[in-house]
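The values are calculated or read from the model by the stated rules, or taken from the named source; none is laboratory data. The structure presented is a predicted model; accordingly, all values stated were derived computationally and were not measured. Every residue, glycine among them, receives a Cβ derived from its backbone with ideal geometry; neighbour counts consider all protein chains shown. Just the protein is used for accessible areas: all its heavy atoms, side chains included, with ligands, DNA and RNA removed. Shrake-Rupley method; radii C 1.70, N 1.55, O 1.52, S 1.80 Å.
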Amino acid sequence: MEFKLSKYVHISKDEDVLPDAFYLYATRTGAAIELETKYHDDILQENWRALPLKVIDTLMLAEAIVPTEQNELDYVLTSNKENIKDNDKKFLSFTIQPTANCQLGCHYCGQQHVKKVASTETNDAIYNRIIGKVLAIQDTLQTLSVSWYGGEPLTGLSSIEQLSKQLINYCNNNNIYYSASIVTNALALKMSTFKTLVSKYKITSYQITIDGTAEFHDQRRMLKTGAPSFDIIFNNVKEIVHSEFFRENKADINIRCNVDAQNKDNIMTLLEMMHEHGILDKVGFNTAPIHDWGDNGASQINGISKDDYAQFEIDVLLKLHSYGLLRRGRLIPLRNYNVCMVANSQSEVYDAYGNVSTCWEVPYTPVYDNTEYYAGNLHTNPNVDSTKVIMRDWFNEIPTNDTWCKGCKFLPVCGGGCPKHWNSGTAACPSFKKNIDERLFLSKFVSLDSAQATVLN
């Protein structure tokens, strides 16, 4: 059998950092391999006979070397689809947006907030919908997962309580593992509420947004009245992570910062503040560039370029490394078989009106009303078919759509990014595409999962 160098390979060289070696990053497996410089030209020229057997074996295991006749794009996309099909038999995940309400008035949010909480009837319709999907694969189903989103989901606590009790009870009675997460602004996340959510409703994963210190956060994530929110949120998080309850229970908190040119420098100050208050070593931390939500044009307000954000991201990683905390995140992206829930045929989003969609950003966003982004409504059609909703067939679309994913060497670890962004005419390329070299070289100095990095001297 003849072999070729995979198209899904990225090579990084830096004589200052690695004078006698280089990195080969095989995105088909997410393996980062450090190799001696003397092997560089033979690999690029596919002169396999000149390479030691140990190098050949490592490159083949990483799928950096593949059969010559293999259509790699088809192979990667087929692997993704088969992985999703297999997981769809074992795992069900749903996003429930129990309320259209939110206390905050963030300028980059595309939602229209009103005081609407899912009614008992809507909750029952959502429950019946979920159980119907459970029954369809109950012989193979292992895990049922729910993500609570909003609006601000804690303003719809009554819906969370009703549905959580019903779903947990069903799973307990049918030997199904139940897990739940929540995306919350944490304004109402008092210690007593946190305990209830973890203990009674099994919500053990929390994403909380803090956009810098008070100076910047309160300009961006203020109450709808204009009042500040930073101190309340920060103190709620601080009380929780320093509690004995948090230490004893398997709950996870991740702090997210939405970044643009206005607040990016202040994020370093936020990290220092979190460290000083003993928070940073107890939570996860990540950032994301502000993007357009619906037609709100948020990325045009103090927008940050992809190049600037990529460099900023490295600065954040270095800052975390200075505190010895970079191990909390992976520097080198792993193989990604599923771009997002939209590609899972069974995953759905339910809002407080009983609408069914397949993307978190669709509900309560006026530009999507009465569009193909909705599958239907549970009150008018409990058996609505969401399998044909736009973007569901993402991995079949890539070979012929207008994206450049089909020719990108990072496709196996990216999956194409956000299909909705591409569908709206916005490139959805991840930041690591612009800072992968820095990530690879930084990994040289950071303790990583040994299964992720291989070194050949």
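Some observations on this one:
- Of the helices (runs of 4 or more DSSP H) contained entirely in segment 348-433, those carrying at least 2 residues that are closer than 20 Å to Asn296 by Cβ fall at 419-423.
- Selection status of Asp393, among the acidic types (Asp, Glu) and modelled with pLDDT of 95 or more: no
- Qualifying residue in segment 342-359 (condition: acidic (Asp, Glu), in contact with a strand residue (DSSP E or B) (Cβ under 8 Å, 6 or more places away or on another chain) and modelled with pLDDT of 95 or more): yes
- In segment 284-303, the count of residues that are more than 22 Å from the chain's Cα centre (by Cα), more than 25 Å from Ala31 (Cα to Cα), at pLDDT below 95 and among the hydroxyl-bearing types (Ser, Thr, Tyr) is zero.
- The listed residue being more than 23 Å from the chain's Cα centre (by Cα), crowded, with 16+ Cβ neighbours inside 10 Å and farther than 19 Å from Tyr353 by Cβ, out of Ala118, Ala188: Ala188
- Residue in segment 244-263 that is within 23 Å of Cys418 (Cα to Cα), in contact with a Cys (Cβ under 8 Å, 6 or more places away or on another chain), touching a residue at least 24 places away in the same chain (Cβ under 8 Å) and part of a loop (DSSP other than H, G, I, E, B) present: no
- Within segment 164-194, the residues that satisfy the criterion of being assigned to a helix (DSSP H, G or I) and farther than 17 Å from Asn254 by Cα are Ser164, Lys165, Gln166, Leu167, Ile168, Asn169, Tyr170, Cys171, Asn172, Asn173, Ser192, Thr193.
- Residue that is surrounded by fewer than 20 Cβ atoms within 10 Å (Cβ to Cβ), in contact (Cβ under 8 Å) with a residue 40 or more places away in the chain and more than 30 Å from Ile203 (Cα to Cα), where the choices are Asp42, Asp14, Asp57: Asp14
- Criterion: within 27 Å of Asn263 (Cα to Cα) and crowded, with 19+ Cβ neighbours inside 10 Å - qualifying residue of Val349, Val339, Val356, Val316: Val316
- Being of a type outside the set (Gly, Ala, Ser) and surrounded by 20 or more Cβ atoms within 10 Å (Cβ to Cβ) holds for only one residue in His277, His217, and it is His217.
- For the criterion of being within 29 Å of Pro289 (Cα to Cα), touching a residue at least 60 places away in the same chain (Cβ under 8 Å) and of a type in the set (Ser, Thr, Tyr), Thr95 passes.
- Listed by position, the strands (runs of 3 or more DSSP E) inside segment 64-163 whose residues that are closer than 27 Å to His217 by Cα number at least 2 are 91-97, 143-148.
- Residue selected from segment 23-49 under the condition under 35 Å from the mean Cα position of the chain (by Cα) and part of a loop (DSSP other than H, G, I, E, B), by the criterion nearest to Val446 (Cα to Cα): Gly30
Per-residue answers, yes or no, for (1) at pLDDT 90 or above; (2) within 30 Å of Gly324 (Cα to Cα); (3) of a type in the set (Asp, Glu); (4) open to solvent by 30 Å² or more (accessible area, probe 1.4 Å):
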| position | (1), (2), (3), (4) |
| --- | --- |
| Pro399 | yes, no, no, yes |
| Gly416 | yes, no, no, no |
| Asn423 | no, no, no, yes |
| Ser443 | no, yes, no, no |
| Ser450 | no, yes, no, yes |
| Asn457 | no, yes, no, yes |
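- Here is the figure for segment 1-22: residues that are over 12 Å from His40 (Cα atoms) and assigned to a loop (DSSP other than H, G, I, E, B) total 11.
- Filter result for Tyr108 (at pLDDT below 95 and under 30 Å from Arg330 (Cα atoms)): yes
- Annotation note: of Asp292, Asp252, the sole residue that is within 25 Å of Phe432 (Cβ to Cβ), among the charged types (D, E, K, R) and in contact with a helix residue (DSSP H, G or I) (Cβ under 9 Å, 6 or more places away or on another chain) is Asp292.
- Filtering segment 220-265 to residues that are surrounded by 15 or more Cβ atoms within 10 Å (Cβ to Cβ), over 28 Å from Asp308 (Cβ atoms) and among the charged types (D, E, K, R) leaves only Lys238.
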